[in-house]
1. Can you give the extra length, in nm with one decimal, that the chain gains between K126 and A266 once fully stretched, where that is 0.36 nm per residue apart less the Cα-Cα distance?
2. Just by accessible area at a 1.4 angstrom probe, what is the order of S168, S153 from largest to smallest?
3. Which of K170/K366; K157/K197; K170/K329; K55/K408; K55/K318 have a Cα-Cα distance over 29 Å?
4. Suppose R0 equals 22 Å; then what is the FRET efficiency for T64 and D288 from their Cβ-Cβ distance, rounded to the nearest 0.05?
5. Rounded to a whole number, what % of the accessible area of segment 255-344 do carbon and sulfur atoms account for, probe 1.4 Å?
6. What is the spin-label model distance, in nm, from E173 to K55 if the labels are put 7 Å beyond Cα along the C-beta direction?
7. Which FRET efficiency value, to the nearest 0.05, do you get for E240 and D411 by plugging their Cβ-Cβ distance into 1/(1 + (r/R0)^6) with R0 = 41 Å?
8. What order do you get for 208-214, 286-292 when each peptide is scored by the mean count of other beta carbon atoms within 10 Å, highest first?
Amino acid sequence: MTRLPVGRSLLAVALGVSWQHRLLRHHVVPAAWRRQCFGAGSKAEDSSPVTPLLKHLMFKIKSTGPITVAEYMREVLTNPVRGYYMHHDMLGEKGDFVTSPEISQIFGELIGIWYVSEWMATGKPKTLQLVELGPGRGTLTDDILRVFNQLGSLLNKCDISIHLVEVSPKLSEIQALTLTGGKIQSELDVTSPVYMKGISKAGIPIFWYRELQDVPQGTSFYLAHEFFDALPIHKFQRTEQGWREVLIDINPKAPDQLCFVLAPSATPATEYFIQGKEARDHVEVCPDAGILIQRLACRIQEDGGAALIADYGHNGNKTDTFRSFRSHKLHDVLIAPGTADLTADVDFSYLQTMTQGRVATLGPLKQQEFLKNMGIDVRLQVLLQNSSDTAMHKHLLQSYDMLMNPKKMGDRFNFFALLPHQRLARSDQKVNLQHTKSLSAPVAGFGELVWK
């Protein structure tokens, strides 16, 4: 039998052995837009029904002209009446996609250990605000809370609270059921930034907000798992006339469908977002992500804490990543809007730039490497050794493969962290993935987890 490193053995003990839980005036759009129409949708889906959201978008386009991809994404995903995220559960086998926390409890447990490790590294402050952006079903926070409970002797003098930033009424209901058993209280005070609150099964207070800026200031540890990829993007294409923004218009050959068009001249977004040194011919920029990162960086700089971001993405080298998923399959982004998820890869180099040096950054680091550093192999062995159920063994091994296999989630997802400069030994130097050896106290996940 392979001997486990002492530090990782402590990890297994800390986690325990439990595996159970688990409207405007119409006008004619100029022909200049129409002549450049492209990407009108696949023939196999040409007969798809006209959704209520498509009717809304077509009315909007007829009234004001072609819309940006960012405006399209915002309407499709978060329109209060018909938005994809607003009124149904899209996660899991019966939904349109699955996330790592839904695959295995081990994932969430290791994320919980990461936050405890960083809390310890920052001097064990007396308060700990865990803030999750876009919590999905609440599964990840639930797994983290279980770790906090397992480490109660370590955290018993710490005032812990959970703060969830969620715009979807449907998902917030599911989160409340997962985390509190449905014991929640709606906030009747319209002036309060909190729209719902409750108590976790272990007695920890939980608050719901619609915006990050509504979350109280203080020592906070932020989590964004598959959140940034859903933020609206602008798309740009290099042409002989210079950079042009990609917009969305009504297809002149199929009036009940949409298509992409190129703006006939530079738009304000083109002038603002395209850098002079840009070498790619097609670029996607997410200004909302930049604003959010600036807010996180300012909070961490002022109050301490840390942020952990996990998502699929790149380091400024990819081009066209805008895509859609329905029933776990790729779907045409312009067909039947409101019935499928829209997503685009996160540009981690852009996120790093937008911190503006206020905080140190680590990553992006591939998921398989991050989880291995966190001790996933140890945790898997503990679960296997403490279960005699053959079906459970099969499930655990399949889940591990999904999370770690480079051809599945292992290389597809990346981890990226924001930390106070004082957390690092050489705060006068920019720290990235390739220089983690320069850290005085290795950051868990980005170096091997060490428990003292």
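The values are calculated or read from the model by the stated rules, or taken from the named source; none is laboratory data. Please read these numbers as outputs of a predicted model, since none were measured by experiment. Here the Cβ positions follow ideal geometry from the backbone for every residue, glycine too, while neighbour counts run over all protein chains shown. In case anyone asks, the SASA skips ligands and DNA or RNA and just uses the protein heavy atoms, side chains included. Shrake-Rupley method; radii C 1.70, N 1.55, O 1.52, S 1.80 Å.
1. Working: separation 140, 0.36 × 140 = 50.40 nm, distance 5.20 nm.
Gain on extension, K126 to A266, equals 45.2 nm.
2. Values: S168 0, S153 105 Å².
Reading off the accessible areas and sorting them downward yields S153, S168.
3. Details: K170/K366 32 Å; K157/K197 23 Å; K170/K329 23 Å; K55/K408 37 Å; K55/K318 33 Å.
Flagged as over cut-off: K170/K366; K55/K408; K55/K318.
4. On the way: r = 21 Å, r/R0 = 0.95.
The computed FRET efficiency comes out at 0.55.
5. Values: 1890 of 3750 Å².
Answer for segment 255-344 is 50 percent, counting heavy atoms of protein chains only.
6. 2.3
7. On the way: r = 36 Å, r/R0 = 0.89.
In this case the efficiency is close to 0.65.
8. Values: 208-214: 16.1, 286-292: 19.7.
Put in order of decreasing packing, that is 286-292, 208-214.
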